[in-house]
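Undergrad: Can you keep this structure in mind? I'll have questions shortly.
The values are calculated or read from the model by the stated rules, or taken from the named source; none is laboratory data. Since this is a predicted model, take the numbers as computed values, not measurements. Heads up, the Cβs are rebuilt from the backbone with ideal geometry, glycines too, and the neighbour counts pull from every protein chain shown.
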Amino acid sequence: MSEKTNTEKLKDYLNNFLLNDRNNGKIVMLSGAWGAGKTHFWKEEIAKEQEKIEKDNKEIDKYSKEEYKTGLHSKLKDKNKACVYISLYGKTSIESIELDIFMKAYKHIVGDADIVSKTCSVFTNLGKNLGNIAYKGAGNAFTWLDNLIDKDKFNKAGEYLENGGIICFDDFERKSKNIDLNDLFGFISQLALEYKCKIVIILNSDVFQEEEAKVFSNVKEKTINKFLTFNPSKEELFEIIFSLYQIDEKYKEVLLKSILEMDILNARVYKNVFENFEELIEEYPDLTDSEIRFFVLSLINFNLTHRVFKFYDYPKGFETLELPKNFIFYKITPILFDSLKQILDYKNKIFIKSNLIKRIQSLIEFRYANNQNNNIHIAGITTKPPKEIIINDINALNKYSDDIWNYWKLDKILNFRENVSLEKQKVINDFIEKGYL
């Protein structure tokens, strides 16, 4: 039996922790690198909330019965307890969060979607009047709702959360500035305390800035009972995301190898690659591995920089960087590439951005240091004195260092267009830029 991956171990631990009644009233923080797929991990590997999706022009369940039974949604529903996911995106008050929690808790068990949607739409305008519905024994807090919804449904929702229900909070970095962070964590703590429910918060410590960072530093030790880290390898994240798509297994190896070459851990980027690949391969089923690799590397680069390199329009390709036309980078590029051949291990691709930028800067300084004239003549035009040019060129170098590095990495280190015709490069680049074939 092969050893379990970090993701599998975390999944087992989190499931056991959240299903154990001894942990009622506790708060767990799930952190991890930005884009590593924390939300995806929670929704697809832990909670597995059943919903309708469209496939082949038919509406079907997202999960099979067997898959659904492995998630917390199913396991808690069997106990008449709710598992609720709350995105803080778009929430402008604690009251709006309260209502969302109770509506979703009720929907999880009863499935009264019509009542939920109507009430939430009404709340858009009336939410400030709600009051502390999350606190038990709120007295007349429901009176304003008497003509909108049966308040018994709120009481029922509370029962579904009490003593074992689970609430997951996400998108802290997208919450409204109108919500005070101290108040928010006070509310979360009160939920756990009053209802003896378990709470998961998905966030990273560095998501908060300035004053909120200080607040979070003060409250987290008092509020959070367990700190867990979602730290999948690139291969693990690839497997998790790839399993969601109907891509032929024969393409799996080249897709994985290509993604690994770009050295990026980001669930959104992986999804974007697979979604676009499905379209591309349907239209061009005979793509070679080299062409697929070119597509993956180019698409990821486009996601990160919004640029494609058009060697069919520009022989050197880096002209598409839109650098200043008089930037000496164009003049020293041949010298640069020749000199770097001696220090770069192409086989192992051992090189970093700082090395490249330092080498370009040293060549700029060397080039001008060896000029004996007060002015430099380029293409018959007298330019500014060397010192000013050096400053301008180094400033340009720093400004465009990311673009220069990305070009160098793709073309000189990864050799991304190897065995890909200019015609096929154009087809793939046009698809990446336009978004359609």
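Undergrad: Restricting to segment 196-225, give me the number of residues that are loosely packed, with under 15 Cβ neighbours inside 10 Å and not small (Gly, Ala, Ser). Explain how you work it out, then say what you get.
TA: So in segment 196-225, the residues loosely packed, with under 15 Cβ neighbours inside 10 Å come out as 205-206, 209-211, 213-214, 217-218, 221-222, 225.
So of that shortlist, the ones also not small (Gly, Ala, Ser) come out as 206, 209-211, 214, 218, 221-222, 225.
Going through segment 196-225 one residue at a time, the tally reaches 9.
Undergrad: Continuing with this model, one more query. Search segment 344-359 for residues that are not assigned by TED's automatic domain parsing to the domain that holds TYR400 and loosely packed, with under 11 Cβ neighbours inside 10 Å and pair each with any residue that is modelled with pLDDT under 75 and of a type in the set (D, E, K, R) when their beta-carbon atoms are under 8 Å apart and the residues are at least 6 apart or on different chains.
TA: Partner pairs satisfying both residue conditions: none exist.
Undergrad: Please return the ranges of helices (runs of 4 or more DSSP H) entirely within segment 1-98 where 2 or more residues are surrounded by fewer than 18 Cβ atoms within 10 Å (Cβ to Cβ) and hydrophobic (A, V, I, L, M, F, W, C).
TA: Working: elements: 6-19, 65-69, 72-77.
Where helices (runs of 4 or more DSSP H) fall fully within segment 1-98 and carry at least 2 residues being surrounded by fewer than 18 Cβ atoms within 10 Å (Cβ to Cβ) and hydrophobic (A, V, I, L, M, F, W, C), they are 6-19.
Undergrad: Here's another thing I want to ask about it. In segment 253-277, which residue that is charged (D, E, K, R) and under 24 Å from GLU54 (Cα atoms) is farthest from the chain's Cα centre (by Cα)?
TA: Here is the first cut: in segment 253-277, the residues charged (D, E, K, R) are 253, 257, 261, 263, 268, 271, 275.
Cutting the leftovers down to under 24 Å from GLU54 (Cα atoms) gives us 268, 271, 275.
On the way: ARG268: 5, LYS271: 10, GLU275: 15 Å.
Selected residue: GLU275.
Undergrad: Residues in segment 232-254: is at least one in the same structural domain as ARG293 (by TED's automatic domain parsing), surrounded by fewer than 14 Cβ atoms within 10 Å (Cβ to Cβ) and hydrophobic (A, V, I, L, M, F, W, C)?
TA: Yes.
Undergrad: Note down all Cβ pairs under 6 Å where the first residue falls in segment 180-193 and is assigned by TED's automatic domain parsing to the domain that holds SER93 and under 13 Å from LYS220 (Cα atoms), the second is surrounded by fewer than 19 Cβ atoms within 10 Å (Cβ to Cβ) and among the hydrophobic types (A, V, I, L, M, F, W, C), and they're at least six residues apart or on different chains.
TA: LEU181/VAL215; ASN182/VAL215; PHE185/VAL219
Undergrad: Of all residues in segment 310-339, how many are at pLDDT below 65 and of a type in the set (S, T, N, Q)?
TA: 2
Undergrad: May I ask you to verify whether ASP402 is over 28 Å from the mean Cα position of the chain (by Cα), in the same structural domain as MET262 (by TED's automatic domain parsing) and either in a helix (DSSP H, G or I) or buried (at least 18 other Cβ atoms within 10 Å of the Cβ) (or both)? Step through it out loud before you land on a result.
TA: Numbers: over 28 Å from the mean Cα position of the chain (by Cα): no; in the same structural domain as MET262 (by TED's automatic domain parsing): yes; either in a helix (DSSP H, G or I) or buried (at least 18 other Cβ atoms within 10 Å of the Cβ) (or both): yes.
Answer is no for this residue.
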